[in-house]
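The values are calculated or read from the model by the stated rules, or taken from the named source; none is laboratory data. All values reported here derive from a predicted model rather than from experimental measurement. Quick reminder, even Gly has a Cβ in these numbers, built from the backbone with ideal geometry, and neighbours come from all protein chains shown. Side chains are part of the model used for accessible areas, which takes the heavy atoms of the whole protein and leaves out ligands, DNA and RNA. Shrake-Rupley method; radii C 1.70, N 1.55, O 1.52, S 1.80 Å.
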Amino acid sequence: MSPDSRTPGSVRSAAEVNEHIRALWLRAGGTLSAQERSEYELLVVEWAAAIREQIIEAA
């Protein structure tokens, strides 16, 4: 599932996003195409937001 196909307002955990990042790298064989790089960048932004949310909830 790409970040663009998510339901607006849905929030995935950092662990779930991390799994998608790992799967992307495995599929790509360690070298990302331009499209995969774009997907990776979106996933990293989503992962960082999920991490921030976890920190805020823990505080």
**Message:** Every residue in the range 16-35 that is open to solvent by less than 70 Å² (accessible area, probe 1.4 Å) and in a helix (DSSP H, G or I), please.
**Reply:** Val17, Asn18, His20, Ile21, Ala23, Leu24, Ala28
**Message:** Given the criteria surrounded by 10 or more Cβ atoms within 10 Å (Cβ to Cβ), at pLDDT 90 or above and not in a helix (DSSP H, G or I), does Leu43 qualify?
**Reply:** no
